[in-house]
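The values are calculated or read from the model by the stated rules, or taken from the named source; none is laboratory data. Predicted, not measured: the structure shown is a model, and the values here were computed from it. Because the Cβ atoms are built from the backbone with ideal geometry, glycine has one as well, and the counts that use them run over all protein chains shown.
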Amino acid sequence: MLIRKALRLSFHVIFICLLRGFNLGLLQIWCMQEKWFDTVIISDLHLGSEVSRAGDALEFLQAVHFKRLILLGDIFADLNFSRLTKEHWKFLGHIRKLSNPKHEVEVVWVEAITTTG
């Protein structure tokens, strides 16, 4: 209930950490009730890794409407694109389509800040 109230403020923002065990199915059911959001944020997708949930992310993006998508850090596991699966390429293809001005969706990529020791 508290989350629903917070999201009804001036910005509808959904933050998804796909590798943090968040129940994407419940989020989708809840979002379908809302239908439309100003901003959707996807973080830590790790495309190119075996644990990436690109299919779930794509399904979610296709199920809701929004005007801004923020891809926040660690979208790729690394820059070895030979590790990307067909599912990963489908996700990237959908992002490319969303980036087309006719869709009127702003796509923002935010680079991860990683530390090396």
When every residue in the stretch 38-69 that is in a strand (DSSP E or B) and under 18 Å from Trp89 (Cα atoms) is compared, the one modelled with the lowest pLDDT is Ser43
Of (1) part of a helix (DSSP H, G or I); (2) in contact with a helix residue (DSSP H, G or I) (Cβ under 8 Å, 6 or more places away or on another chain), Gly93 fails just (2)
Considering the stretch 61-117, residues that are of a type in the set (S, T, N, Q) and surrounded by 12 or more Cβ atoms within 10 Å (Cβ to Cβ), and then whichever is nearest to Gly48 (Cα to Cα), we arrive at Thr85
Q) Hey, does the stretch 19-29 have a residue that's in contact with a His (Cβ under 8 Å, 6 or more places away or on another chain), in a loop (DSSP other than H, G, I, E, B) and either under 22 Å from Ser99 (Cα atoms) or modelled with pLDDT of 60 or more (or both)? A) no
